[in-house]
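Asks: Following this message is one structure expressed as C-alpha cells.
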Amino acid sequence: MSRLFSGKAVLWAAAGLVACLIAACGGGGGGGTSGASSVSNTSTPAPTLAANVAAITVDHGVAGVPNMPFVSVTVCTPGSAICQTIDHVLVDTGSWGLRVFASQLPAAVALPQQTTAGGSPLAECMQFFDGYTWGSVRLADVQIAGERAASLPIQVIDPSYAAVPASCANTGAARNTPSTLAANGILGIGVFKHDCGAACANQPIAGAYYACAGTSCSSTAVPESRQVANPVPYFGADGNGVIVSLPAVPGGGAASVTGQLVFGIGTQSNNGLGAAQVIGVDPSRGVFTTMQNGTSYTGSIIDSGSTGLFFSTSQLPVCASPNQSYYCPGSTQQLAATNVGANGATSAVTFSVGNAAQIWQSSGGAAAMPLFAGPAFVGSQTFDWGLPFFYGRSVYSAIEQQSTPAGAGPYFAY
C-alpha cells in the first residue's frame, strides 16, 4: 500500500473485502468440499535469529484478514530506554515509513512532535485506494530485531488529533483504528526513503502533509528530512534494503506461517543476493512492466501489503457479490507472466489463481492463502504482485541511492 496520489500506486485489500468472504462463505467450520485441500499448519518453533533478522508471522492477526504478514516493532522516546513493543505491525514492501496507533503507545513513551520548517505542528494524511490514516508526525527511536534508527519521523495515527481535513477524508473509509486497518500499524520498507519525497517537498499537496494551528490544519510542503521515513536506510551497515522470506504454502491454505524479515543486501553472510533476478524499477515511481496474456501492465509493483495478486483481466470470472474483489474460476488456473525491469531484465513467473470463495470456505478461514487474486481497485496498468507472490520465495527490496552488490537501488529481486 502507498500514497494514492503518487505514481507509486500500491493496493491494500481492506478488511472489508475479507468480511464479505466470511459473510458469504460462513467462515469457521472447516471440513471440506470434494477435492479441496485441507488446512496445513506450517508454523514451527521460533529459531534463534541473527541480529539483522526479525520473525514474520502470517496469522489471523487483529481482524482475521488473510495474507497479512506481521512483525513486532519497538518504539522508544528518543535517546531513552522508555519503549513500547508493538506486535502485529504489517510488513509492507509497497509503502515507506512506520505508522502506529496512539492507542498502542502508553503515556510514558513520549514522542516529540515533528514540526514544519516554520515551527508549526506537522500532521499527515496517508491515503490508500480505499481509505486513509490520519495523525501527527512524531520523532521516535525505532528498533526491529537488532537494528535501530534514531529520532525517525513516524506517523502516530490518531483520529482525535486536530480536525481531519476534508481533503484527507475524501478517499474511502477511515482506517484510524487497529480493527479498521486490520493491523496495529504499518511498517513501510519499500524501495524509497521517504513516503512522499520530492513531490511533497516542492509544494503543498492536498491529502498529504498538514501544518496545524489548534484544531485547524492546512496543506503544507515538507522537506524530505522531516517526512515520515522508511527506517531501513537509517539502520547503518544493513540499511541498503530488506529481504522478505516466507515458506511455500499448499493451495488449500495454512492456519499460519512463519518467515523472516532480513535487513541488508550483501552486507552479511545471511543476506547475499545469490542467483536472485534483479528487476529494476522506475526511480521516481517504483514500478516495472508485467506482460500477461498479451496485456502490458506498465505500473506493476511487488507489495507484501496486498492480500492477493491484483490485476484486471477477462481471463478469469469475478466472484459473485459480495465477493467481487476476488476471482472465482471453476477450477484452479495455472497462469504465466513475464516481468520486465527498468534495467531491461526479464523474468518469467508462473502463478496459480483459485476460487477464492470456495477456498476460504473449505479452509475454515486460513490465514495464509496462496491462490487469492482479484481485480479490486487496480486500474488497467497495474499488476500488483501481493503476498501470494512471496510464498516460497525470498524477495529483495533495494532502497534508492543505496549501494548493493547488484548496483544502487531502487530495484526488486527474487
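Asks: Which is surrounded by fewer than 19 Cβ atoms within 10 Å (Cβ to Cβ), of a type outside the set (A, V, I, L, M, F, W, C), touching a helix residue (DSSP H, G or I) at 6+ places or on another chain (Cβ under 8 Å) and modelled with pLDDT under 95, of Gly35, Gly118, Gly31?
Replies: Of the residues listed, the single one that is surrounded by fewer than 19 Cβ atoms within 10 Å (Cβ to Cβ), of a type outside the set (A, V, I, L, M, F, W, C), touching a helix residue (DSSP H, G or I) at 6+ places or on another chain (Cβ under 8 Å) and modelled with pLDDT under 95 is Gly31.
Asks: Taking into account only those residues within segment 319-369 that are at pLDDT below 95 and under 27 Å from Thr298 (Cβ atoms), which is surrounded by the fewest Cβ atoms within 10 Å (Cβ to Cβ)?
Replies: Filtering first and then ranking leaves Gln324.
Asks: Check segment 65-78 and report whether any residue there is within 20 Å of Ser304 (Cβ to Cβ), more than 15 Å from the chain's Cα centre (by Cα) and of a type outside the set (Ser, Thr, Tyr). Full working, then the answer.
Replies: Going residue by residue through segment 65-78, those that are within 20 Å of Ser304 (Cβ to Cβ) are 65-73.
Next, only the ones that are more than 15 Å from the chain's Cα centre (by Cα) stay: none.
Looking through segment 65-78, none of the residues is within 20 Å of Ser304 (Cβ to Cβ), more than 15 Å from the chain's Cα centre (by Cα) and of a type outside the set (Ser, Thr, Tyr).
Asks: Of the residues Ser256, Ser269, Ser312, which single one is touching a His at 6+ places or on another chain (Cβ under 9 Å) and either closer than 24 Å to Pro69 by Cβ or not hydrophobic (A, V, I, L, M, F, W, C) (or both)? Walk me through how you get there before you give the answer.
Replies: Values: Ser269 fails: touching a His at 6+ places or on another chain (Cβ under 9 Å); Ser312 fails: touching a His at 6+ places or on another chain (Cβ under 9 Å).
Just a single option satisfies the conditions, and that option is Ser256.
Asks: Just to be sure, is Val71 surrounded by fewer than 24 Cβ atoms within 10 Å (Cβ to Cβ), in contact with a Leu (Cβ under 7 Å, 6 or more places away or on another chain), at pLDDT 95 or above and within 29 Å of Val287 (Cα to Cα)?
Replies: Numbers: surrounded by fewer than 24 Cβ atoms within 10 Å (Cβ to Cβ): yes; in contact with a Leu (Cβ under 7 Å, 6 or more places away or on another chain): yes; at pLDDT 95 or above: yes; within 29 Å of Val287 (Cα to Cα): yes.
So Val71 passes the test.
Asks: Of the residues Ala183, Ala117, Ala145, Ala107, which is in contact (Cβ under 8 Å) with a residue 12 or more places away in the chain, more than 27 Å from Val242 (Cα to Cα) and not basic (Lys, Arg)? Explain how you work it out, then say what you get.
Replies: On the way: Ala183 fails: more than 27 Å from Val242 (Cα to Cα); Ala145 fails: more than 27 Å from Val242 (Cα to Cα); Ala107 fails: in contact (Cβ under 8 Å) with a residue 12 or more places away in the chain.
Step by step, each of Ala183, Ala117, Ala145, Ala107 is checked, and only Ala117 is in contact (Cβ under 8 Å) with a residue 12 or more places away in the chain, more than 27 Å from Val242 (Cα to Cα) and not basic (Lys, Arg).
Asks: When you go through Val222, Val249 one by one, which is the residue that is within 30 Å of Ser120 (Cβ to Cβ), at pLDDT 95 or above and assigned to a loop (DSSP other than H, G, I, E, B)? Spell out the reasoning first.
Replies: On the way: Val249 fails: within 30 Å of Ser120 (Cβ to Cβ).
Unique residue meeting the criteria: Val222.
Asks: Could you check segment 167-187 and list, in sequence order, the residues that are at pLDDT 95 or above, in a loop (DSSP other than H, G, I, E, B), under 18 Å from Ala208 (Cβ atoms) and among the aliphatic types (A, V, I, L, M)?
Replies: Within segment 167-187, none qualify.
Asks: Return the total of residues in segment 339-369 being hydrophobic (A, V, I, L, M, F, W, C), in a strand (DSSP E or B) and under 18 Å from Ala275 (Cα atoms). Full working, then the answer.
Replies: At the first step, the residues of segment 339-369 found to be hydrophobic (A, V, I, L, M, F, W, C) are 340, 342, 345, 348-349, 351, 353, 356-357, 359-360, 366-369.
Restricting the remaining residues to those that are in a strand (DSSP E or B) gives 340, 348-349, 351, 353, 368.
Filter once more, so that each one left must be under 18 Å from Ala275 (Cα atoms): 340, 348-349.
Looking only at that region, the number is 3.
Asks: Looking at Ala237, Ala211, which is the one that is of a type outside the set (Lys, Arg) and surrounded by 18 or more Cβ atoms within 10 Å (Cβ to Cβ)? Let's see the steps before the verdict.
Replies: Details: Ala237 fails: surrounded by 18 or more Cβ atoms within 10 Å (Cβ to Cβ).
The conditions single out Ala211.
Asks: If I ask for residues that are of a type in the set (A, V, I, L, M, F, W, C), within 21 Å of Cys212 (Cα to Cα) and surrounded by fewer than 18 Cβ atoms within 10 Å (Cβ to Cβ), which ones from segment 140-165 would you list?
Replies: Of everything in segment 140-165, just one residue is of a type in the set (A, V, I, L, M, F, W, C), within 21 Å of Cys212 (Cα to Cα) and surrounded by fewer than 18 Cβ atoms within 10 Å (Cβ to Cβ), namely Ala163.
Asks: Also, quick follow-up: Which count do you get for residues in segment 220-277 that are without any contact (Cβ under 8 Å) to a residue 24 or more places away in the chain and over 16 Å from Arg393 (Cα atoms)?
Replies: First, pick out the residues of segment 220-277 that are without any contact (Cβ under 8 Å) to a residue 24 or more places away in the chain: 221, 225, 269, 274-275.
Imposing the further condition that a residue be over 16 Å from Arg393 (Cα atoms) reduces the set to 221, 225, 269.
Looking only at that region, the number is 3.
For (1) within 30 Å of Ser284 (Cβ to Cβ); (2) at pLDDT 95 or above, each residue gets a yes or a no:
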residue	(1), (2)
Cys83	no, yes
Asp87	no, yes
Thr93	yes, yes
Pro106	no, yes
Leu111	no, yes
Ala123	yes, yes
Gln127	yes, no
Gly131	yes, no
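Asks: What number goes with the only condition from (1) at pLDDT 95 or above; (2) under 23 Å from the mean Cα position of the chain (by Cα); (3) farther than 28 Å from Gly272 by Cα that Ala198 does not pass?
Replies: Going through the list (1) at pLDDT 95 or above; (2) under 23 Å from the mean Cα position of the chain (by Cα); (3) farther than 28 Å from Gly272 by Cα, Ala198 breaks only (1).
Asks: Considering segment 286-311 alone, what residues qualify as being buried (at least 18 other Cβ atoms within 10 Å of the Cβ) and either farther than 29 Å from Gln260 by Cα or without any contact (Cβ under 8 Å) to a residue 12 or more places away in the chain (or both)?
Replies: Residues of segment 286-311 that are buried (at least 18 other Cβ atoms within 10 Å of the Cβ), as a first pass: 286-292, 297, 299-311.
Met291, Gln292, Tyr297 - these are the residues of segment 286-311 that are buried (at least 18 other Cβ atoms within 10 Å of the Cβ) and either farther than 29 Å from Gln260 by Cα or without any contact (Cβ under 8 Å) to a residue 12 or more places away in the chain (or both).
Asks: Could you run through segment 87-108 and say how many residues are more than 25 Å from Tyr396 (Cβ to Cβ) and polar (S, T, N, Q)?
Replies: So the count comes out to 2.
Asks: Tell me whether segment 151-166 contains one or more residues that are over 30 Å from Ser80 (Cα atoms) and touching a residue at least 60 places away in the same chain (Cβ under 8 Å). Give the derivation first.
Replies: Taking segment 151-166 and keeping what is over 30 Å from Ser80 (Cα atoms), we get 163-166.
Okay, now just the ones that are also touching a residue at least 60 places away in the same chain (Cβ under 8 Å), so none.
No, segment 151-166 contains no residue that is over 30 Å from Ser80 (Cα atoms) and touching a residue at least 60 places away in the same chain (Cβ under 8 Å).
Quick grid of which residues meet (1) surrounded by fewer than 24 Cβ atoms within 10 Å (Cβ to Cβ); (2) in contact with a Pro (Cβ under 8 Å, 6 or more places away or on another chain); (3) outside any loop (DSSP other than H, G, I, E, B); (4) of a type in the set (Val, Ile, Thr):
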position	(1), (2), (3), (4)
Leu371	no, yes, no, no
Ser380	yes, no, no, no
Thr404	yes, no, no, yes
Gly407	yes, no, no, no
Phe412	no, no, yes, no
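The values are calculated or read from the model by the stated rules, or taken from the named source; none is laboratory data. Keep in mind that what you see is a predicted model, and the values were worked out from it rather than measured. Don't worry about glycine lacking a Cβ; one is built from the backbone with ideal geometry, like all the others, and counts go over all protein chains shown.
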